[in-house]
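A short reminder: the numbers here are calculations on the coordinates, not readings from a lab. Since this is a predicted model, take the numbers as computed values, not measurements. Neighbour counts are summed over all protein chains in view; Cβ atoms, including those assigned to glycine, are modelled from backbone coordinates with ideal geometry.
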Amino acid sequence: MMTIGEACRLPDFFSRVVSMDAERTPRLTLTVTPGGISRFLPLLGQGFTVKRPAGASVEEFLCRGCGIAPDYLRDRVQTVFLNGKAIDDLAAAVVSDGSTIALSAAMPGLAGAVLRKGGAYAAMHRQISHASPGESRASGPVRVSIKLFNLVASELGPGFLAQGVLIGGADLQDYFRRQDRGFWKIGRAADIDGRPVDFEKVPGIIPENGLVLLALRSADLQSG
Amino acid sequence: MDKILRINMGAAGGPQVKSEPIGSYAGLGGRGLTSTIIAKEVPPLCHPLGEDNKLVIAPGLLSGSAAAMSGRISVGCKSPLTGGIKEANAGGMASQMLGRLGIAAIVLEGKPKDGTLYKLSISKDKVDIKPDNSLKMLGNYAVTEKMKAAHGDKVSCISIGQAGEMKLAGASIAFTDMEFRPTRHAGRGGVGAVMGSKGVKVIVVDDTGCAVRSPKEPDKFKEANKSWVAGLRKHAVTGQGLPTYGTNVLTNVINEAGAYPTKNFMWGRFDGCSKISGETQAETENARGGEGSATHGCHRGCVIRCSGTYYDKDGHYLTKQPEYETVWAHGGNCGIDDLDAIAMMDRLDDDFGLDTIEMGAAIAVAMEAGVAKFGDAQAAINLVKEVGKGTPLGRILGSGAGLTGKVFGVERVPVVKNQAMPAYDPRGVQGIGVTYATTTQGADHTAGYAVTANILGVGGKVDALKPEGQVELSRNLQIATAAIDSTGMCLFIAFAILDQPETFQALLDLLGSFGGQKLTGDDVVGLGKSILKMEREFNTKAGFTKEMDRLPDYFKKEKLAPHNVTFKVTDSELDQVYNW
């Protein structure tokens, strides 16, 4: 089994891009118990935004742009959607500004088999397959929404969350609103743009409009 | 398993029990046995709730043995929902216990002369059937509590709730799980109504003093079982995805594909899906804690453990972990994004004894008619409660989506052969639409679930771009599924045998060493074909025509957002599914 670090080595320029976004968006940093990080993983299924250089295939975008190991993408990620359409050839499909990419590990049942990239049942997803021929490659940076599902979220999610992910403020507020009382026990510290805030008061401080750069810290790493 | 237990509920002087040798049904189990008995013994034109229909409850071929994953149980009859042959299966403890008792099938026949309700008890030395009207109109949870008080919790129960007693076409049959809760259901097709028509409220199965079934070739069997378990544990789906998230892991993926039926099949994507996804559900269950929270088996001998236990916000047991289809039916299909409300409806369905798919589909149709608003979770809960109370509205809803659509004048009613479609829009995944349209069972995703194409040497050789490819794939999936349904094996094994030839070989070796004969993939295909042929012939004699192998018209006309697709497989292509 690949470790999180091996599966997702975020490139250096990710930090620069995050910094660029951070100039325009509030940066919310939460320090939580080590076990508490998993509570945020379902949030990644709704999607978060990243900004990367344009002109890339899905494979290049995910591996070179986002630092996902090629063998992880090949073996562990069994279903890839580009704009809601299942992709069989990741090297041919092109990412453009506003694209949404979703990644899933192997899924059960017939639907799981049907949506699998290049699988024996690929014929059954032809109505919702992504067609690649003739796609033009844009220039300049593009904003792409990424969704991480199931085991992929468990394995890549902590890395993305540690670096910081751009999430809609309204989505984040709604997420906090839905949590049980026990959720608030995982919080150890919080700050917005470097200003310490009470963890439980975070939902009231998040701007509803626009994006928030959410970064998570594990309390054990913090103390270490 | 060498005997069949027949209970004639209409015998003069009260129900009569007869145990007879399995005879010409030897070598059959699960769906293979239920469908063969129904096809041979039930007049296809009989009324499903009449004396000539039979209810057959049959463990799988390997049930009661030490084979992992072999605890599925099949229930067969002529369906009051579809009017055709029906097989619905479930997990729970009864299958293994019946197997150990040597019972290949329980057959309920005839019809009681009055409204007396009966309790049937089966143990090693005795089969006893007694009137017990104190059970009338009790929910499944109350019934099992009473049985626990009388028999302890080492037995298992097969029971019906209020819906079965009212003979509603959406009624299920409940099987108790490892915790003696009535959470595993043979849900589809109204099998609970047939049990209700026989006047049987509960069957108590006690295998005390019975040994595990012995294989003919013990060493080979032991070795095969070891490889079988190892294969299931090492696969990403059966070893990780399903145990971690349960079947609801599909929600996010199907939604992303734009094939998640939303608000009565109006759209292919639900905005609130991540709030009810398997990932969110597992996190919620783990955070709330409690025994068996997010990873739990539905029967002893399960190594996948895709189930779980759902506790409410205060830590009290509410229900088992709702399955993907249930979360969809009561969730996205009704515009509801509240997991606690969905879990409450799952609990009510289990208690009243209702098929969660049929019930959710019926409520969504009612919502389209304006009976309640899409997204109103409390209204949806109240509608389920109407069924438990037996009000006219509740009886309509409990009779299924088809009837509900007729009563309220709704055109968009997602049924085939009057059975509600499950959680995959056929416009988004057309091959599943082929299965919905053509299976002998009415719209049923599990009828074409066994993804075994490359192993069986079928299905993977078709041209991906031709429409008939969808037909051939669906056909071969239906054949493979019918065969697996006969073994007592859980269908979730399919992924491991799809990807790992050695795991498929282990399954063949398990079956072969148990019965003392060598099995091949061709044998499995042959079994599947013979079952489908029998079921198809029964349906034809019951009045089914090829025109019933169709999706509702609107699937060909209304484009499904976000991909704006319609169902493209033509009628003539659908008619080729059974040409082999």
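So if each residue of separation counts as 0.36 nm, and I subtract the Cα-Cα distance between B:R300 and B:D271, what length gain in nm does that give? Each step should come with its number before you reach the end.
Numbers: separation 29, 0.36 × 29 = 10.44 nm, distance 3.76 nm.
Stretched out fully, the B:R300 to B:D271 stretch lengthens by 6.7 nm.
In Å³ and rounded to a whole number, note down the convex hull volume per residue for the Cα atoms of the protein assembly as shown. Before the final figure, lay out each step's value.
Details: hull volume 121.2 nm³, N = 804.
Given the Cα convex hull of the protein assembly as shown, per-residue volume reads 151 Å³.
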Inter-site label distance for B:K126 and A:D198 at 7 Å from Cα along Cβ, in nm = 6.7
Residue mean of other protein chain beta carbons inside 10 Å, A:79-88 | 3
Taking every residue of B:240-251, the Cβ atoms of other protein chains inside 10 Å of its Cβ average out to 5
Just name one of B:G301, B:V237, B:T82: the one whose Cα is farthest towards the positive end of the charge dipole of chain B (beta-carbon charges, Lys/Arg +1, Asp/Glu -1).
-> B:T82
Quickly rank B:304-310, B:434-440, B:292-298 as a protection proxy: mean count of other C-beta atoms within 10 Å, highest first.
-> B:434-440, B:304-310, B:292-298
Given H placed 1.01 Å from N in the peptide plane, which residues other than close sequence neighbours of B:L318 have an amide H under 5 Å from its amide H?
-> B:Y310, B:Y311, B:D312
Would you work out if region B:474-580 is rounded, prolate or oblate? Take a ≥ b ≥ c from the square roots of the eigenvalues of the alpha-carbon gyration tensor; rounded if a/c is under 1.5, else prolate when a/b is larger than b/c, oblate otherwise.
-> oblate
Pick out, from B:P501, A:L148, B:G187, the residue whose Cα sits farthest towards the positive end of the charge dipole of the protein assembly as shown, with +1 on the Cβ of Lys and Arg and -1 on the Cβ of Asp and Glu.
-> B:G187
How far is it, in nm, from the label point at B:E291 to the one at B:F408 when both lie 7 Å from their Cα along the line to the Cβ?
-> 4.0
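Say R0 is 22 Å: what FRET efficiency, to the nearest 0.05, do A:K51 and A:D71 get from their beta-carbon distance?
Details: r = 26 Å, r/R0 = 1.17.
Efficiency for this residue pair is about 0.30.
Can you put B:E411, B:E51, B:E285, B:E502 in order, fewest other beta carbons within 10 Å first?
Working: B:E411 9, B:E51 16, B:E285 24, B:E502 13.
Starting with the residue having the fewest Cβ neighbours, the order is B:E411, B:E502, B:E51, B:E285.
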Cα gyration tensor shape of chain B, rounded if a/c is under 1.5, else prolate or oblate by comparing a/b with b/c = rounded
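Enter the mean number of other protein chain beta carbons within 10 Å of the beta carbon of each residue in A:39-48, as an integer.
On the way: counts 5, 1, 4, 11, 4, 2, 12, 8, 2, 0.
For peptide A:39-48, the averaged partner shielding equals 5.
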Using the number of other C-beta atoms within 10 angstrom as an exposure proxy, rank B:S227, B:S172, B:S79, B:S274 with the fewest first.
-> B:S227, B:S274, B:S79, B:S172
Could the peptides B:384-394, B:237-247 be put in order, highest first, of the mean number of other beta-carbon atoms found within 10 Å of their residues?
-> B:237-247, B:384-394
Rounded to 5, the percent of DSSP beta bridges in the protein assembly as shown classed as antiparallel | 75
With each label point set 7 Å from Cα along the Cα-Cβ vector, what nm distance links B:D314 and B:D575?
-> 6.1
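Which shape class applies to region B:145-268: rounded if a/c is under 1.5, otherwise prolate when a/b exceeds b/c and oblate if not, where a ≥ b ≥ c are the square roots of the Cα gyration tensor eigenvalues?
Working: a/c = 2.37, a/b = 1.03, b/c = 2.31.
Taking the square roots of the gyration eigenvalues as a ≥ b ≥ c, region B:145-268 is oblate.
Which FRET efficiency, nearest 0.05, do B:D219 and B:D522 yield, Cβ-Cβ r, R0 25 Å? Each step should come with its number before you reach the end.
Values: r = 25 Å, r/R0 = 1.02.
It comes to 0.50.
Peptides A:159-168, A:177-186: what's the order by average Cβ count within 10 Å, highest mean first? Display every interim value, and only then the final one.
Numbers: A:159-168: 21.6, A:177-186: 13.7.
Answer by packing, highest mean first, reads A:159-168, A:177-186.
Pick out, in residue order, every one of the GluC sites (Glu not before Pro) in region B:290-331 that is DSSP loop and has at most 12 other C-beta atoms within 10 Å; say none if there are none. Provide the component values of the computation, followed by the final result.
Working: sites: B:E291, B:E323, B:E325; in loops: B:E291, B:E323.
Those satisfying the criteria are B:E291.
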Using the charge dipole of the protein assembly as shown (Lys, Arg: +1 at Cβ; Asp, Glu: -1 at Cβ; taken about the Cα centre), state which of A:P34, B:Y554, B:S530 has its Cα farthest towards the positive end.
-> B:S530
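With r as the distance between the Cβ atoms of B:D153 and B:D376 and R0 = 30 Å, compute the FRET efficiency 1/(1 + (r/R0)^6) and round to 0.05. Please report the intermediate quantities before stating the final value.
Numbers: r = 38 Å, r/R0 = 1.27.
Taking R0 as 30 Å, the efficiency between B:D376 and B:D153 is 0.20.
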